[in-house]
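Let me begin by presenting the structure, written as structure tokens, before commenting on it.
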There are 2 protein chains.
Amino acid sequence: MAAAAAGRPQRWRCWWRCWWRLLLLLPPLSAQEMRVADTPRPPNILLLLMDDMGWGDLGVYGEPSRETPNLDRMAAEGMLFPNFYTANPLCSPSRAALLTGRLPIRNGFYTTNEHARNAYTAQEVTGGISSWELLLPELLKEAHYVSKIVGKWHLGHRPKFHPLKHGFDEWFGSPNCHFGPYDNKARPNIPVYRNWEMVGRFYEEFPINLKTGESNLTQIYLQEALDFIKKQHTSQQPFFLYWAVDATHAPVYASQRFLGTSRRGRYGDAVREIDDSVGRILQLLRDLGIAESSFVFFTSDNGAALVSAPTQGGSNGPFLCGKQTTFEGGMREPAIAWWPGHIPAGQVNQQLGTIMDLFTTSLLLAGIQPPLDRVIDGLNLLPSMLVGQLTNRPVFFYRGNTLMAVAMDQYKAHFWTWTNSWEEFKQGINFCPGQNVSGVTTHTLQDHTELPLIFHLGRDPGEKFPLSFRSIEYQKALAWFRLLVSQHLATMIPGQPQLNVCDPAAMNWAPPGCEKLGKCLTPPESVVVKCFWPH
Amino acid sequence: MAAAAAGRPQRWRCWWRCWWRLLLLLPPLSAQEMRVADTPRPPNILLLLMDDMGWGDLGVYGEPSRETPNLDRMAAEGMLFPNFYTANPLCSPSRAALLTGRLPIRNGFYTTNEHARNAYTAQEVTGGISSWELLLPELLKEAHYVSKIVGKWHLGHRPKFHPLKHGFDEWFGSPNCHFGPYDNKARPNIPVYRNWEMVGRFYEEFPINLKTGESNLTQIYLQEALDFIKKQHTSQQPFFLYWAVDATHAPVYASQRFLGTSRRGRYGDAVREIDDSVGRILQLLRDLGIAESSFVFFTSDNGAALVSAPTQGGSNGPFLCGKQTTFEGGMREPAIAWWPGHIPAGQVNQQLGTIMDLFTTSLLLAGIQPPLDRVIDGLNLLPSMLVGQLTNRPVFFYRGNTLMAVAMDQYKAHFWTWTNSWEEFKQGINFCPGQNVSGVTTHTLQDHTELPLIFHLGRDPGEKFPLSFRSIEYQKALAWFRLLVSQHLATMIPGQPQLNVCDPAAMNWAPPGCEKLGKCLTPPESVVVKCFWPH
């Protein structure tokens, strides 16, 4: 808007009315956009999703210790997105958004127990991904993709939510975060699955030493990825690998070879091990001669958890606050696309992207039409990646059931602000340590809907200087934002909220396969309560 | 210290006692270190010094708009320093330090009117660079270098301080900042010199449009640089070009071609024009076939002026506060070395460097022994640049006459903290907008000398989380810092302070050459007062 968009209101208005036409027009993709048409089959798709890794954690994004040579090389050979957003500042909802291409408010990964609350699939949560939702691996089957998830699922841990019931063919990983250790009495340790069955639990068969930070989980996840790629290469079937590692989520861990090697402490050790792993995955693609037929995208589920910094949390670079907030530090993510021979090397892509775009883009790469019977929030990134054609599109920032903010072009409007409550803050829980922007980083849920706080993210990426309400720039931007939001809300049909109900009996007491390991635990009596989400 | 230095106390102790031996040992440099020996003459030296540009203003340092392709390419072909410091968070003292290789407390660029005050050569200041100080261009004469300064001098504007009296052979630029316009009655406009004489004044012969931000000064400075390089190339004499442009200092400006082209607003326009200019300078070196015989170093005089942000100030990336403070945002600078065929391409140099190192390094490149009759604070960077050999060295952060902080290895201790006074802060003068670290960003001059605040800059580059006083890590680091500081202070002989005395008659009323232009102004009566430095 303002300078940038002032010259193209026509195009923008058309975009708003006609955006769906773009999807219809795209498949089959033009030859210019999709050189994949020359290849005998659609490209393999590898989505490398980090956990709580921040925008500022990679050398290529300015991290001063510069310890990510493999990711920096991936960017040099591929394309860097400086303006790429997640769909939610918390793990479960952003992962649900990635796999459904839809905002959490639509796919059900939110709570209505209180307003604007972050919620996720903690063990006691009874909900999960609705069977009505269509997940990326489910849809990719249409093009005969074989799909594997390695690492954290986080879309529900009860049997009906199992990833193999939602399109994945293989799974090695866990349904929840690796918190613990638990006593297996009040709370069971989180299971680790291979496909349909549990093969052990964190802190038991899959140890994490909280004192030293040692765990070989990233090495296991790496091996799972490499083995899957090799197997699929042999079988000559296109594959989808969703590599959702979690070493950078507290408690952060690294294997012995990496512990103590980073200038950044334990968190840096975890980053270095992941960087090394990404390097090995890309190298395997090169070695197998399938680099040019493999689309790889690296990103993270939400901003760095500054509440765990500095030893257990990363960096959001110049941005405000972190995980749990809808400021840039919570929402803007590192993002690198890599597809040698197709995506030009060493380019920077200024498209406003979202994690949901990976759904749409992956489907179109596979030659599959995204679902037309539901609203899809994901944009096709191929025009921006392959022919440099940027699309003006808004990005909506929800926290739970509440539309907190909207970004569009270089502007961002905050309709509601808060970080967490005064009570939590006084207890030392701080999502914005060392940062405090008067009237912006609020500890009450503050209503700015009448006069939103508007920032120009080009001049002020750190959201420190709201535009003056009286400026012409503000008034112009406000008019656009009002229109955008009214159109967005007019067609918004929220999904059934999945993160409202908790029950201790719903925890991972006796996952499938536990009997073979002699590790079934007796669940307590069912006590259904409203989940409590403090922030 | 701690992990990194624990294994080398011996070396470190030796470094402290024997550092001077290194200098003695170096000239003549080993063949491994100095392939320049193969060339018929020492390399040309180009120091590109920015004004108020921040660490976070370059794409290669993570600036999200990524608008510095030429500087990013310079880094890709050269070497990036993520841990490079200025000698002072303000312009004049840091420039004096660059050219003398000495801390401002030694070379006189400080004030004793009050403690810990930032001072510079405003027009009414009577002081300047002492004739006892040996400046880089003076010393380079020994190796027959021809030296030119383009842009801001800032080491005193009275005739005896003229750069051509301190070793430069040519000058095009100004003695002071381009503040204004003034009325030429209470205060004269700043003159622009060519060599010995004024050729005009800012806002008169050299216009800067404060409303639009338009000025072609950077283009003039670029042309001066290109012409000088071509001329020296023809004359076959080695040259030293000190290119001290000031478009990123408020009031920021750009020429018409660049105005409105940046996603970052006017400040970004200025950065883009400078980036383009650096690209053209490097390209000329390539075109003339002298790239391999030209050592180029790009850095800035102090951190971005957040007090002028967002429209007139830049970005310090993830660092705390900005110009005027001794936090990382005020002291850490963008820094790129470029010397094709000598400095390996695309490398990151983790040496703790300072702007004073450019003095020592430049002399050694020219095969000249740095002065032995005075303390030189600059380190030879050649071992780190050419053979990857890092030197453990402390970096001392002064503000005026006060040792505020020390960095060493990955640790930094703050002995005194303050940003500015409550009075100034309440008037809206904020050197740390949106940032507030309890007990760290203080508005009184706070004494931490007994128990300094210590940060681990690897884990916490943003100085948000001081180490616990009770931790073993703190105690170990504290012991080192105490030793360092006592040794430093034991041998410290402060220079005669140059920034104490002000007099309206000392202003640029009648610079040499004014009579030819008919632009001599009548100075007022001399009134000698103590200069007032509010922060």
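A compact table of results
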quantity	calculated
From the options B:Asn189, B:Asn209, residue that is in contact with a Lys or Arg (Cβ under 8 Å, 6 or more places away or on another chain) and either in a loop (DSSP other than H, G, I, E, B) or without any contact (Cβ under 8 Å) to a residue 12 or more places away in the chain (or both)	B:Asn189
Selection from the stretch B:112-133 of residues that are surrounded by fewer than 24 Cβ atoms within 10 Å (Cβ to Cβ), under 19 Å from the mean Cα position of the chain (by Cα) and within 30 Å of B:Thr218 (Cβ to Cβ)	B:Tyr120, B:Ala122, B:Glu133
Residue in the stretch A:422-438 that is away from chain B (no Cβ under 14 Å), farther than 28 Å from B:Asn430 by Cβ and modelled with pLDDT of 95 or more present	yes
Complete set of residues in the stretch A:502-513 that are more than 30 Å from A:Glu114 (Cα to Cα) and buried (at least 19 other Cβ atoms within 10 Å of the Cβ)	A:Pro511
Qualifying residue in the stretch B:351-362 (condition: open to solvent by 10 Å² or more (accessible area, probe 1.4 Å), within 14 Å of another protein chain (Cβ to nearest Cβ) and closer than 30 Å to B:Asn44 by Cα)	yes
Any chance B:Lys519 is away from chain A (no Cβ under 14 Å), open to solvent by less than 60 Å² (accessible area, probe 1.4 Å), under 30 Å from B:Arg201 (Cα atoms) and among the charged types (D, E, K, R)	yes
The stretch A:249-279, subset of a type outside the set (A, V, I, L, M, F, W, C), more than 9 Å from chain B (Cβ to nearest Cβ) and part of a helix (DSSP H, G or I), residue farthest from A:Thr311 (Cα to Cα)	A:Gly279
Any chance B:Gly56 is within 14 Å of another protein chain (Cβ to nearest Cβ) and open to solvent by less than 20 Å² (accessible area, probe 1.4 Å)	yes
Residue ID - least open to solvent (accessible area, probe 1.4 Å), chosen from residues in the stretch B:466-481 that are free of Cβ contacts under 8 Å to residues at least 12 places away in the same chain and of a type in the set (Ser, Thr, Tyr)	B:Ser471
Selection status of B:Phe202, open to solvent by 20 Å² or more (accessible area, probe 1.4 Å), out of contact with any Cys (no Cβ under 8 Å at 6 or more places or on another chain) and closer than 19 Å to B:Pro175 by Cβ	no
3 or more residues farther than 30 Å from B:Gly353 by Cα and at pLDDT 95 or above: qualifying helices (runs of 4 or more DSSP H) within the stretch A:1-83	none
Enumeration of residues in the stretch A:71-92 that are more than 14 Å from every other protein chain (Cβ to nearest Cβ) and within 22 Å of A:Gln312 (Cα to Cα)	A:Thr86, A:Asn88, A:Pro89, A:Leu90, A:Cys91, A:Ser92
Options B:Asn392, B:Asn380: the member that is touching a Lys or Arg at 6+ places or on another chain (Cβ under 8 Å) and in contact (Cβ under 8 Å) with a residue 60 or more places away in the chain	B:Asn392
Residues within the stretch B:370-392 that are within 20 Å of the chain's Cα centre (by Cα), closer than 29 Å to B:Gln324 by Cβ and either of a type in the set (A, V, I, L, M) or open to solvent by 10 Å² or more (accessible area, probe 1.4 Å) (or both), tallied	5
Residues located in the stretch A:485-501, provided they are open to solvent by less than 60 Å² (accessible area, probe 1.4 Å) and more than 24 Å from the chain's Cα centre (by Cα)	A:Gln487
Residue in the stretch A:309-319 that is among the small types (Gly, Ala, Ser) and more than 14 Å from every other protein chain (Cβ to nearest Cβ) present	no
Filter pass, A:Ser300 being more than 14 Å from chain B (Cβ to nearest Cβ), crowded, with 24+ Cβ neighbours inside 10 Å and at pLDDT 95 or above	yes
Out of A:Leu288, A:Leu282, sole residue that is away from chain B (no Cβ under 14 Å) and surrounded by fewer than 24 Cβ atoms within 10 Å (Cβ to Cβ)	A:Leu288
Complete set of residues in the stretch B:320-337 that are in a strand (DSSP E or B) and either of a type in the set (Lys, Arg) or within 9 Å of chain A (Cβ to nearest Cβ) (or both)	B:Arg332
Every pair of residues 6+ apart whose Cβ atoms lie under 6 Å, when the first sits in the stretch B:284-306 and is in a strand (DSSP E or B) while the second is of a type in the set (S, T, N, Q) and buried (at least 21 other Cβ atoms within 10 Å of the Cβ)	B:Ser294/B:Asn44
Of residues in the stretch B:147-165 being of a type in the set (Lys, Arg) and under 30 Å from B:Gln369 (Cβ atoms), the one surrounded by the fewest Cβ atoms within 10 Å (Cβ to Cβ)	B:Lys160
Conditions (1) out of contact with any Asp or Glu (no Cβ under 8 Å at 6 or more places or on another chain); (2) more than 28 Å from B:Glu525 (Cβ to Cβ): number failed by B:Gly101	(1)
Pair list, Cβ < 6 Å and 6+ apart or interchain, from the stretch A:134-146 residues that are surrounded by fewer than 20 Cβ atoms within 10 Å (Cβ to Cβ) to residues that are at pLDDT 95 or above and of a type in the set (A, V, I, L, M)	A:Glu142/A:Ile368; A:Ala143/A:Ala366; A:Ala143/A:Ile368
All positions within the stretch A:213-248 that are open to solvent by 20 Å² or more (accessible area, probe 1.4 Å) and either within 14 Å of another protein chain (Cβ to nearest Cβ) or touching a His at 6+ places or on another chain (Cβ under 9 Å) (or both)	A:Gln237
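The values are calculated or read from the model by the stated rules, or taken from the named source; none is laboratory data. Remember, it's a predicted structure, so these values are computed and weren't measured experimentally. Positions of Cβ are backbone-derived with ideal geometry, glycine not excepted, and every protein chain shown enters the neighbour counts. Ligands, DNA and RNA are stripped out before the accessible areas are found, and what is left, the full protein with its side chains, is counted by its heavy atoms. Shrake-Rupley method; radii C 1.70, N 1.55, O 1.52, S 1.80 Å.
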